[in-house]
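The values are calculated or read from the model by the stated rules, or taken from the named source; none is laboratory data. Every value quoted in this text rests on a predicted model; they were computed, and no experiment measured them. Cβ placement follows ideal geometry from the backbone for every residue including glycine, while neighbour counts extend to all protein chains displayed. Just the protein is used for accessible areas: all its heavy atoms, side chains included, with ligands, DNA and RNA removed. Shrake-Rupley method; radii C 1.70, N 1.55, O 1.52, S 1.80 Å.
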Amino acid sequence: MAVPVPPWAVRYGSDAQGFWAEFDVQGRSSTVTQRCRWIAPGTFQMGSPEGEVDRGDNEAQHEVTLTRGYWLADTACTQALWQAVMGDNPSAFNNDPANPVEQVSWDDVQTFLDRINELMHGLAAGLPSEAQWENACRAGMTTPFSFGENIRPEQVNYHGHSPYADGKQGLYREHTVPVKSLPSNPWGLYEMHGNVSEWCADWYGDYPGGPQIDPFGPPGGAKRVLRGGSWYGFGRYCRAADRYGFGPDLRESLIGFRLAPGQRPGPAGQEAARRADGQAQAERAGQAAGSDAGGRGTKRGSKKRSNKP
């Protein structure tokens, strides 16, 4: 299959895990490189089968066909990339620029996307749809994890004291780790399970009934989708099918994102993104004026979610 070279690519090629392309962003002191992976079109089972341990009632399994291939960053957005674009670093775990950026709301991410798209001709980056995210996370697997029926801390950064199903207790790091610290899935994507939960483009809602083609979530709502579990999440919340929604203004040291070139929405979505951008900038300015009274520097943020995400 021939994959067109995207206009933003400065390097590209293929390996055992498929096609890849990279773009560079010039920061204040260094150039930051982001590799992206090509995810081919195809059909997969989204959600979880009824017999899966710890499945949620919002995970009804259904067939999804993605008719178009798409590019997806092979890692969560790093603090280095965020700082190169935005000029600041909101993260709690800021000891290594290769750590994923966290404490960024869905609204904050829209500001980032606006700015990186201004910098990078043809990038048109957005967030993946929830279906695109789960397809990429599964990487052709039908098991709870892309690694199989269970996970270990050597594979995933999660709350190792609370393993999945009958798994053994293991290391609980209590913080994020640098991207690409842990093994990739079969499609060359790193830390899709654990480390930070990742925002998706969709509004959160129940799955529609029956097979779906290129789904993009409900037309509106109050919450945005988060996926993947986190360093603070129990093993069950790192499953490929696990899903949850939170308000688009939520910022936590558990939450980050990975960008998807070519996903920027159409005119209606762009207008919504501009509104989110304005709100996020106002909030960031208010926080800067009011020091850290909102708790952005806390290690774990709010614990009200019982280790979710």
Checking 175, 161 in turn, the sole residue that is in a loop (DSSP other than H, G, I, E, B), more than 27 Å from residue 65 (Cα to Cα) and free of Cβ contacts under 8 Å to residues at least 12 places away in the same chain turns out to be 161
How do the helices (runs of 4 or more DSSP H) wholly within the range 45-155 filter down when requiring 3 or more residues that are within 22 Å of residue 245 (Cβ to Cβ): which remain?
-> 106-119, 130-138
Considering (1) in contact with a Lys or Arg (Cβ under 9 Å, 6 or more places away or on another chain); (2) modelled with pLDDT under 95; (3) of a type outside the set (Phe, Trp, Tyr), say which one residue 205 fails and leave the rest.
-> (2)
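Yes or no, residue by residue, for (1) within 22 Å of residue 127 (Cα to Cα); (2) over 16 Å from the mean Cα position of the chain (by Cα); (3) of a type in the set (A, V, I, L, M, F, W, C):
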site	(1), (2), (3)
165	no, yes, yes
195	yes, no, no
198	yes, no, no
222	yes, yes, yes
241	yes, no, yes
Residues being exposed (fewer than 15 other Cβ atoms within 10 Å of the Cβ) and over 30 Å from residue 262 (Cα atoms): count how many of those fall in the range 173-202.
-> 1
Which residue pairs have Cβ atoms closer than 9 Å, lie 6 or more positions apart in sequence or on different chains, and pair a first residue in the range 58-84 that is of a type in the set (S, T, N, Q) with a second residue that is modelled with pLDDT under 95 and not in a helix (DSSP H, G or I)?
-> 83/27; 83/28
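Name the single residue that is least open to solvent (accessible area, probe 1.4 Å) among those in the range 124-143 being of a type in the set (A, V, I, L, M) and on the phi > 0 side of the Ramachandran plot. Explain how you work it out, then say what you get.
So the first thing to find is which residues in the range 124-143 are of a type in the set (A, V, I, L, M), and the list is 124-125, 127, 131, 136, 139, 141.
Those still in the list that are on the phi > 0 side of the Ramachandran plot too: 124, 139.
Working: 124: 41, 139: 8 Å².
Among those residues, the one meeting the criterion is 139.
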Please go through the range 4-37 and pick out each residue that is touching a residue at least 24 places away in the same chain (Cβ under 8 Å) and under 19 Å from residue 185 (Cβ atoms).
-> 15, 17, 18, 20, 21, 34, 35, 36, 37
Condition set more than 20 Å from the chain's Cα centre (by Cα) and acidic (Asp, Glu), scope the range 56-79, selection nearest to residue 37 (Cα to Cα): answer is 63
Find the strands (runs of 3 or more DSSP E) located wholly in the range 196-260 whose residues include 3 or more that are among the acidic types (Asp, Glu), within 18 Å of residue 48 (Cβ to Cβ) and free of Cβ contacts under 8 Å to residues at least 12 places away in the same chain, and list them.
-> none
Out of all the residues in the range 14-41, which are of a type outside the set (Val, Ile, Thr), open to solvent by 20 Å² or more (accessible area, probe 1.4 Å), at negative phi and not in a loop (DSSP other than H, G, I, E, B)?
-> 14, 15, 19, 20, 22, 24, 26, 35, 38
Return only the number of the condition from (1) open to solvent by less than 30 Å² (accessible area, probe 1.4 Å); (2) closer than 26 Å to residue 125 by Cα that residue 233 does not satisfy.
-> (2)
Please enumerate the residues belonging to the range 85-110 that are surrounded by fewer than 19 Cβ atoms within 10 Å (Cβ to Cβ) and touching a strand residue (DSSP E or B) at 6+ places or on another chain (Cβ under 7 Å).
-> 98
Given the conditions (1) open to solvent by 30 Å² or more (accessible area, probe 1.4 Å); (2) within 24 Å of residue 91 (Cβ to Cβ), which single one is not true for residue 163?
-> (2)
Which one of the conditions (1) in contact with a Leu (Cβ under 9 Å, 6 or more places away or on another chain); (2) open to solvent by 10 Å² or more (accessible area, probe 1.4 Å); (3) of a type outside the set (Ser, Thr, Tyr); (4) touching a residue at least 60 places away in the same chain (Cβ under 8 Å) does residue 121 fail to meet, given that it meets all the rest?
-> (1)
